[in-house]
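First comes the structure, then the notes that go with it.
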Amino acid sequence: MIQIEENNHVHAYAYQMQKEGKTLCGDSFLIKATEDYFVCAVADGLGSGERAYESSSAIKEVVEEFHAEDVGLMIEKSNEVLKNKRGATVAIFKAYFKQNQFTFSSVGNIRFVLYSPSGTFVYPLPVLGYMSGKPQKFRVQSFAYDPGAKFIIHSDGLNIPAVKSLLKDYRTIEDISNQLEPYTISRQDDLTYVVGQLF
């Protein structure tokens, strides 16, 4: 499954593939751009198959409903919706175009890296563990970015070495995605990635 979301401020490309032998993907993602902001969420339901899909897709639906709100509220709502479900790891980030800032929150092993043309990398640390509907504390962080900044966010089904050089050395989102293709073949786990550029 491939999805592209773009406007004058962002160009994002999402790729997803379920684990070999499974009909449903236990990962879910949302990418949504408006004139003011871009929201991206990746959720990885624990395990694989139907119950993993149920957890991750519930998070996608919550973020879709509350995308106009701040990241702190979206992550709390995502946790609430997991009551009586298997649980999930999740990362949500929201870029505000006018301010050249983005806000990020993550629980578990979803990876995120942003590279600015100035040569700086940002990789916010997640809260360890996973979300299951139980009360927990979240960390919401805000960072500045330069126009032209590139990012990747992915579930643990994508195992890539040298992610920094990938963002630094390849100019376009399509180039980066082409470089990722060899790492999408094994299908030993559900796999989701989103690569994008902010202008």
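The values are calculated or read from the model by the stated rules, or taken from the named source; none is laboratory data. This one's a predicted model, so the numbers in the text were calculated from it and none came from an experiment. Don't worry about glycine lacking a Cβ; one is built from the backbone with ideal geometry, like all the others, and counts go over all protein chains shown. For the accessible areas, the whole protein counts, side chains as well, though only heavy atoms, and no ligand, DNA or RNA atoms are used. Shrake-Rupley method; radii C 1.70, N 1.55, O 1.52, S 1.80 Å.
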Need pairs with beta-carbon distance below 8 Å; first residue assigned to a strand (DSSP E or B) and within segment 10-31, second of a type in the set (Phe, Trp, Tyr) and open to solvent by 20 Å² or more (accessible area, probe 1.4 Å); sequence gap 6+ or separate chains.
10/199; 11/199; 28/53
Go through 103, 120 for me and flag whichever is hydroxyl-bearing (Ser, Thr, Tyr), touching a Lys or Arg at 6+ places or on another chain (Cβ under 7 Å) and within 26 Å of residue 158 (Cβ to Cβ).
103
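Matching residues to (1) over 22 Å from residue 173 (Cβ atoms); (2) buried (at least 16 other Cβ atoms within 10 Å of the Cβ); (3) in contact (Cβ under 8 Å) with a residue 40 or more places away in the chain:
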{"site": "49", "(1), (2), (3)": "yes, yes, no"}
{"site": "55", "(1), (2), (3)": "yes, yes, no"}
{"site": "95", "(1), (2), (3)": "no, yes, yes"}
{"site": "130", "(1), (2), (3)": "yes, yes, yes"}
{"site": "139", "(1), (2), (3)": "yes, no, no"}
{"site": "142", "(1), (2), (3)": "yes, no, yes"}
{"site": "145", "(1), (2), (3)": "no, yes, yes"}
Taking only pairs six or more apart or across chains, which ones have beta-carbon atoms under 6 Å, a first residue in segment 62-83 that is part of a helix (DSSP H, G or I), and a second residue that is of a type in the set (Phe, Trp, Tyr)?
74/66; 75/138; 77/66
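Of all residues in segment 69-100, count the ones that are of a type in the set (Ser, Thr, Tyr) and in contact with a Lys or Arg (Cβ under 6 Å, 6 or more places away or on another chain).
Pass one, segment 69-100, residues of a type in the set (Ser, Thr, Tyr): 78, 89, 96.
Next, from what is left, pick out any that are in contact with a Lys or Arg (Cβ under 6 Å, 6 or more places away or on another chain): none.
Of the residues in that region, 0 qualify.
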Since residue 113 meets every condition but one in (1) touching a Leu at 6+ places or on another chain (Cβ under 8 Å); (2) touching a residue at least 60 places away in the same chain (Cβ under 8 Å), which condition does it not meet?
(2)
Can you go through 103, 172 and tell me which one is within 25 Å of residue 35 (Cα to Cα) and open to solvent by 50 Å² or more (accessible area, probe 1.4 Å)?
172
